[in-house]
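Here is the structure we will look at.
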Amino acid sequence: MELLQLRYFLETAKNQSFTKTAEKFYVPTTSVSASIKRLEEELGVKLFDRTANKITINKKGERFKKTISTVFYELDSAIFDLSENVNEQEIKLLVKAIRSDITDYIIEFNKQNPKASFKTVFDFFETDYSKYDIVIDEKCDCYKGYFDFELLNIMLKLKVCKEKYIDKKLNMKDLENYNFISWGERSNMHKMLVNSCECAGFYPKIAVNINDSDCYEKLVKAGVGIGIGREQKSKDFPNIKYLNVTDFNKKYVVHCYYNPFSYFGTIKSFIEFLKEKSKKY
């Protein structure tokens, strides 16, 4: 039984695919399959159920995975602690929410830890979470096996450019004929906007779909449409006004999800850094 053989098993147990494991380790798929088959022969049990086009980890495989995960966590932690490059661990980060905030956090953390390295992906569409140590996303139940904590909890407001501000109490129905700026159809903000409009009996008129925060703000400031976001201080956004919409009551809750078996070294430091930031909200 070899360490590499066990790493092949652990990765395959996570992604349920010999092919994905082979891609990660830059080896042929047949090498991974053969290695795990030898492991099963050594243990005298089947760890995966196989069909023509699919493998699925079974109960014995899950039990073995749990033990091996703990072993590798301790091993990797020990290796990292002995390393002279203690501040050079790469943090693999997937960001699906509050991208501007996370960008600021990365900059601040990097100033405090100049040797820290990030591999950061800003992508609403990514579904292969096994590639990441940390995921920033709205609260959901799709991150099986990850630990999490609440990073942000705020109320959202509808905003417009100063010139198009409506200085009175409104209902969502009053905005039926106005244009909106959307963060993109797969974004959490878009879903909230659509839900609020549909509850008022209409579908929002989307003037622009965009997933860049700077461009989003420019479009709102230019009066292209109504935006959605947290309320900011007027001195920081002098060209933006927030509408008083009585039936728009949306709370935005964002969590930090992290792989417990990556919780050491620089990754642990960044997670603890984010926990401190979460206390501000």
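The values are calculated or read from the model by the stated rules, or taken from the named source; none is laboratory data. A quick note: this is a predicted structure, and the numbers were derived from the prediction, not measured. Cβ atoms come from the backbone with ideal geometry, glycine included; neighbour counts cover every protein chain shown. Accessible surface areas use protein heavy atoms only, side chains included; no ligands, DNA or RNA. Shrake-Rupley method; radii C 1.70, N 1.55, O 1.52, S 1.80 Å.
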Using only Cα atoms, locate the centre of the stretch 25-69 and the centre of the stretch 140-197, then give the distance between them in Å, rounded to an integer.
44
If ligands, DNA and RNA are left out, what is the accessible area of Ile57 with a 1.4 Å probe, given in Å² to the nearest 10?
20
Where the accessible area of the chain is counted over protein heavy atoms with a 1.4 Å probe, how much of it, in %, is carbon and sulfur?
49
From highest to lowest solvent-accessible area (probe 1.4 Å; ligands, DNA and RNA excluded), Cys142, Cys199 read Cys199, Cys142
Might you report the magnitude of the Cβ-based charge dipole of the chain about its Cα centre, with Lys and Arg at +1 and Asp and Glu at -1, to the nearest 20 debye?
740
Find the relative contact order for the stretch 6-84 and round it to a whole percent, using C-alpha pairs within less than 8 Å whose residues are 6+ positions apart.
26
Give me the percent of Cα-Cα pairs in the chain that sit more than 26 Å apart, rounded to a whole number.
55
So what are the ³J(HN,Hα) numbers for the stretch 210-216, from phi and the Karplus equation (6.51, -1.76, 1.60; θ = phi - 60°), rounded to whole Hz, Gly and Pro as x?
8, 10, 10, 5, 5, 5, 4
Size of the stretch 53-205 along its principal axes in angstrom, Cα-based, largest extent first?
63, 45, 26
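So what's the back-of-envelope 222 nm ellipticity for the chain, counting only DSSP H runs of four-plus at -39500 (n - 2.57) apiece and dividing by all residues, rounded to 500?
After summing the helix terms and dividing by residue count, I get -12500 deg cm²/dmol.
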Calculate, in whole percent, how much of the Cα-Cα pair population of the stretch 120-166 lies beyond 13 Å.
69
Taking only the alpha-carbon positions of the stretch 120-274 as identical scatterers, the Debye log10 I(q)/I(0) at q = 0.17 Å⁻¹ comes out as -1.02
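Report, to one decimal in Å, the Kirkwood hydrodynamic radius for the stretch 130-206 based on all distinct Cα pairs.
15.3
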Using a probe radius of 1.4 Å on heavy atoms only, what accessible surface per residue do you get for the chain? Whole Å² is fine.
56
Amide H neighbours of Leu152 under 5 Å, counting only residues 5+ apart in sequence or on other chains, H built in-plane at 1.01 Å?
Val254
Of the GluC sites (Glu not before Pro) in the stretch 215-281, which ones lie in a loop per DSSP and count no more than 15 other C-beta atoms within 10 Å?
Glu231
Can you tell me the orientation of helix 99-112 relative to the chain, as the angle in degrees between its alpha-carbon axis and the longest Cα principal axis, to the nearest 10?
60
Amide H within-cut-off set for Glu138, under 5 Å, with H built and near neighbours excluded
His255
